[in-house]
Amino acid sequence: MKKKIVWLSTILLMFLLVGCTGKLANEADEFSDGSIEYSVQLPQTWTVSKQPKEQFNAEAVFGAEDSKTNSYLFVLTKDKAEIELAGLGERTREELKDRYSLNSAEDVPMEEFKVADRPAYKYTLETIYEEKQVWLYFYYVETEHCLVQFVVYSAVDNQTESRSELIDQSVKTLKETGREESTERADEQIVIKNEELEFDINGILALEEDGKSFVAVRYKLTNKADSETITPAKWDELIKVSQGEQQLTLAENPADAKRLDFTELVANRERVVKTGEALESVVFYELKDESDLLIQPDATVFPDSGDLSLVLP
């Protein structure tokens with residue numbers, strides 16, 4: 001009889017523990033992308049990151065982690081006006097197939113659902129992160145003004161399925177809660193342009209690798225010319241970056257940048273930008289010291305754009 005009581009007590013304890021880890025937080029966490037304010041209820045055991053850009057992704061506007069299982073998520077947003085929403089689900093599936101070198105889009109499981117009566121999509125992949133096998137979930141959620149992307153790295157363990165279901169529930173609590181008075185994004189934009197092309201510098205991030213310091217410069221290239229052969233790598237030809245009198249050299253993708261998942265931005269450097277379209281990308285430089293960056297556009301190509309100074313973060 002005692003053995004039965006002990007066995008039943010163990011089962012009850014396990015049930016209670018699973019129940020405790022399988023809930024959403026009672027209160028929603030709030031965040032902003034610089035123009036729109038949002039709220040979302042995270043899983044109860046997850047904690048909000050104070051520096052999501054440095055910890056997870058240079059473009060992240062929000063991030064959180066479950067330190068007990070080494071799982072984390074971060075959030076990206078984009079104005080719906082900049083996106084072709086028709087066919088988004090299957091188009092994103094194709095993009096993920098290409099990005100992760102899969103044979104077919106069918107190799108990317110896709111789920112369609114609704115959040116506040118608007119379309120949402122979930123994609124599931126297996127990948128390696130920091131030398132460990134993980135589940136990678138991409139959620140794309142349409143809100144009133146934006147497309148919100150959740151990127152989730154989930155540990156492979158005996159709670160994988162329940163954690164996935166809990167994250168599904170969390171994503172479904174996403175809400176737009178308001179607009180800030182200023183419609184400008186948080187990152188200050190610096191524009192270099194002429195009649196044919198335009199570079200918008202919209203972020204810089206300090207990185208490290210093997211004791212060396214690097215900087216990532218994120219920018220958007222807009223093609224206003226008739227040619228369709230332009231790529232974001234045109235930056236390398238037309239823009240010089242210096243510190244003091246020392247010109248900086250282009251660097252390979254640092255390990256720290258790989259951890260922050262610049263994969264798509266790096267791949268964009270060689271993608272063709274058609275007339276009237278724009279594409280974001282990134283370029284890396286090894287730093288000489290801690291002084292400001294001097295951005296020097298080619299004066300013959302950009303006669304109306306002078307040198308620009310950027311303070312290192």
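Quick notes
- None of VAL282, VAL266 is outside any loop (DSSP other than H, G, I, E, B), at pLDDT below 90 and either buried (at least 16 other Cβ atoms within 10 Å of the Cβ) or over 20 Å from the mean Cα position of the chain (by Cα) (or both) except VAL266.
- Scanning region 97-110 for residues that are outside any loop (DSSP other than H, G, I, E, B) and touching a residue at least 12 places away in the same chain (Cβ under 8 Å), we see that the one that is nearest to VAL156 (Cα to Cα) is MET110.
- Residue list for region 46-96, filter: β-branched (Val, Ile, Thr), free of Cβ contacts under 8 Å to residues at least 40 places away in the same chain and out of contact with any Ser or Thr (no Cβ under 8 Å at 6 or more places or on another chain): VAL48
- Residue match in region 140-155 (condition: in contact with a helix residue (DSSP H, G or I) (Cβ under 8 Å, 6 or more places away or on another chain) and among the acidic types (Asp, Glu)): yes
Each row is one residue, and each column tells you yes or no for (1) assigned by the TED database to the domain that holds GLN55; (2) in contact (Cβ under 8 Å) with a residue 12 or more places away in the chain; (3) loosely packed, with under 15 Cβ neighbours inside 10 Å; (4) touching a Gly at 6+ places or on another chain (Cβ under 9 Å).
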{"residue": "ASP226", "(1), (2), (3), (4)": "no, yes, yes, no"}
{"residue": "PRO232", "(1), (2), (3), (4)": "no, yes, no, no"}
{"residue": "GLN243", "(1), (2), (3), (4)": "no, yes, no, no"}
{"residue": "LEU250", "(1), (2), (3), (4)": "no, yes, yes, no"}
{"residue": "ALA278", "(1), (2), (3), (4)": "no, yes, no, no"}
{"residue": "LEU293", "(1), (2), (3), (4)": "no, yes, no, no"}
{"residue": "VAL301", "(1), (2), (3), (4)": "no, yes, no, no"}
{"residue": "GLY306", "(1), (2), (3), (4)": "no, no, yes, no"}
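- Hits in region 72-93 - residues which are closer than 21 Å to PHE262 by Cβ and more than 15 Å from the chain's Cα centre (by Cα): GLU82, ILE83
- Annotation: of all residues in region 193-211 being among the aliphatic types (A, V, I, L, M) and farther than 15 Å from SER281 by Cα, the one that is surrounded by the most Cβ atoms within 10 Å (Cβ to Cβ) is LEU207.
The values are calculated or read from the model by the stated rules, or taken from the named source; none is laboratory data. Source: prediction; values computed, not measured. Every residue, glycine among them, receives a Cβ derived from its backbone with ideal geometry; neighbour counts consider all protein chains shown.
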